[in-house]
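Have a look at the structure below, then the notes.
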Amino acid sequence: MKPLALMDYLLRLTATPTGGLVLDPFAGSGTTLFAARALGRISIGIEISEEYCQIAKKRLEEPYNAPLLPATRLDVAKPRQQETENAQQELF
């Protein structure tokens with residue numbers, strides 16, 4: 001099982017837009033799907049095990065109320081992204 005806070009962080013880090021699509025081909029217990037839903041993303045999960053499909057289904061029926069990580073943790077990635085964009089512009 002992947003930590004929920006980690007999947008929340010990674011989904012924000014990839015800058016998938018709200019309403020964007022997240023695909024998890026190894027959905028397992030649905031951690032990525034749960035984090036995607038909490039962040040307003042559409043998600044598709046693929047899982048071979050019927051047992052884990054049921055676990056994910058039950059988990060996705062749970063309510064969610066607040067962001068999984070404070071916004072300040074995510075601000076760390078933004079300066080790096082801006083530095084990368086600036087460096088790319090300088091090359092061309």
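Throughout, read-outs are computed from the coordinates displayed, never taken from laboratory work. This one's a predicted model, so the numbers in the text were calculated from it and none came from an experiment. Note that each Cβ is placed from the backbone with ideal geometry, even for glycine, and that neighbours are counted across all protein chains shown.
For a modelled paramagnetic label at K58, 7 Å from Cα along Cα-to-Cβ, the residues of segment 1-16 in reach, with backbone nitrogen under 17 Å, are 1-2. Neighbours of T32, meaning other residues whose beta-carbon lies under 13 angstrom from its beta-carbon, give a summed charge of +2 when Lys and Arg score +1 and Asp and Glu score -1.
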